[in-house]
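The values are calculated or read from the model by the stated rules, or taken from the named source; none is laboratory data. Source: prediction; values computed, not measured. Neighbour counts run over all protein chains shown; Cβ positions are idealised from the backbone, glycine included.
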Amino acid sequence: MMSWGSVRVVAVREIRQRLRDRGFLLTTVLLLVLIVLPGLVFGGSGGTERYAVGSLGEDSAALVEAADVQAPLFGAQLEITDVEDREQAELLVVEGELDVVVAPDRELIVEDDLQEGLGSLLRSSAVLEEAAGGDAPPEPPSFEVVPLVSETRSQVAGLAALATLLLFLVVYLPSYFVAAGVVEEKASRVVEVILSSVRPRELLAGKVLGLGLLGLAQVVVLLALGVLVGAGSGIVIVSPELAALVVSVLGAFVLGFLFYGFLFAVAGAVVSRQEDLQYSVLAPTAVLFVAFFVAQSQAPTADSSLAQVLGLLPPTAPFMLPVQVASGEAGGLEIALGVVLTLTAIVALAGAAGRLYAGSVLRFGGRVSLGDAWKG
């Protein structure tokens, strides 16, 4: 039976070692810069504004052309696209290809809210267009702004993509540290001394637990700093949707790290030298990269059938969870089922990883096959 006291001792040891590791500290600083820099850059950005504007119908096209002529006076530049129908217009706006589509009857189709500068440009162009036709209105023409999603929901959906990238990094780095720590102990034969006091499964569990808690602390600090900097610079709106995204990222990290941490631990246990580690971790690294990029490709359509399936599969579920929560369209039942399936896979993987680790961690001199490791 596993001694949780021994697991705790190993976990504390792992945390202390990594806090003294320059590589870990450097990656933490780089992640902090990655979080802070966008707020500093985009919070006070200026210069020429570029807008992607679509036109639906001949009347709308005339207005957009008039706006294009006036754009330099407003310090703006327009990229104009003619759209065929309303369905295409809404799709291009939701996917972020267009900032606004000018539709018949003075409708402006936007994702969440009409940008102030773009709105002023369109209103001024409408006045000039009507004046040129001999029908100068007694007051500026009004538009009906048609938002497809709420402003906070749209912003959170955009932040989910950044959060998923952060999630990928904070899952990969601690998982790799698990494998690197295993090989380091085998190469120095320190593992022989450690295993005189604890069992192999306890050692493995302690490593994963320690680095997992350290990674979770990293995520908490990064998310808190990101929200503070974003809110302070005015590019983030604090809302219940944002809080839900933060919670989903924390949960996704726990699921992702436990799943991939055990995979990387086995990759480290079957080799004895650091130079062999880069080849041993290729398989779990490939699975992690593919899962991340596939999940990212489905971010714009989080409510699609494929996205729902990816949310159920353990390798991709951690990266789909924040996207599904941010979209607000994925069903709670599907999300819960994905979490349950991933936890089930983690339990099974932890048992298999414990057996493979125990069967290979004391074998030195070369690579151990998974079959030999399983036999013990």
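Let's see how each residue does on (1) crowded, with 21+ Cβ neighbours inside 10 Å; (2) at pLDDT below 85; (3) on the phi > 0 side of the Ramachandran plot; (4) among the hydrophobic types (A, V, I, L, M, F, W, C):
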position	(1), (2), (3), (4)
Glu58	no, yes, no, no
Gln70	no, yes, no, no
Gly75	no, yes, yes, no
Val83	yes, no, no, yes
Ala89	yes, no, no, yes
Val94	no, yes, no, yes
Val100	yes, no, no, yes
Glu107	no, no, no, no
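Tell me, which residue of the range 59-84 that is acidic (Asp, Glu) and more than 15 Å from Glu97 (Cβ to Cβ) is nearest to the chain's Cα centre (by Cα)? Among residues in the range 59-84 that are acidic (Asp, Glu) and more than 15 Å from Glu97 (Cβ to Cβ), the one nearest to the chain's Cα centre (by Cα) is Asp68.
For the range 234-253, a residue qualifies if it is without any contact (Cβ under 8 Å) to a residue 40 or more places away in the chain and assigned to a loop (DSSP other than H, G, I, E, B), and exactly one does: Val238. Scanning the range 23-52 for residues that are at pLDDT below 80 and of a type in the set (S, T, N, Q) gives Ser45, Thr48. Has the range 298-306 got any residue that is of a type outside the set (Ser, Thr, Tyr), out of contact with any Phe, Trp or Tyr (no Cβ under 9 Å at 6 or more places or on another chain), surrounded by fewer than 20 Cβ atoms within 10 Å (Cβ to Cβ) and modelled with pLDDT of 90 or more? Checked against the condition, which is being of a type outside the set (Ser, Thr, Tyr), out of contact with any Phe, Trp or Tyr (no Cβ under 9 Å at 6 or more places or on another chain), surrounded by fewer than 20 Cβ atoms within 10 Å (Cβ to Cβ) and modelled with pLDDT of 90 or more, the range 298-306 yields no hits at all.
If you go through the range 204-232 and keep only what is of a type outside the set (A, V, I, L, M, F, W, C) and closer than 30 Å to Gly5 by Cα, you end up with Gly206, Lys207, Gly210, Gly212, Gly215, Gln218. Residues in the range 254-311 that are in contact (Cβ under 8 Å) with a residue 40 or more places away in the chain, more than 30 Å from Leu159 (Cβ to Cβ) and part of a helix (DSSP H, G or I): Ala265, Val266, Ala267, Gly268, Ala269, Gln274, Asp276, Leu277, Ser280.
Among the residues of the range 194-222, which ones are part of a loop (DSSP other than H, G, I, E, B) and surrounded by fewer than 16 Cβ atoms within 10 Å (Cβ to Cβ)?
Applying the first criterion (part of a loop (DSSP other than H, G, I, E, B)) to the range 194-222 yields 195-199.
Listed by number, the residues that qualify are Ser196, Ser197.
Look at (1) at pLDDT 80 or above; (2) of a type in the set (D, E, K, R); (3) part of a loop (DSSP other than H, G, I, E, B) and you find that Arg363 fails only one, number (1).
Under 30 Å from Tyr279 (Cα atoms) and in a helix (DSSP H, G or I): is that true of Gly226 in this structure? In short, no.
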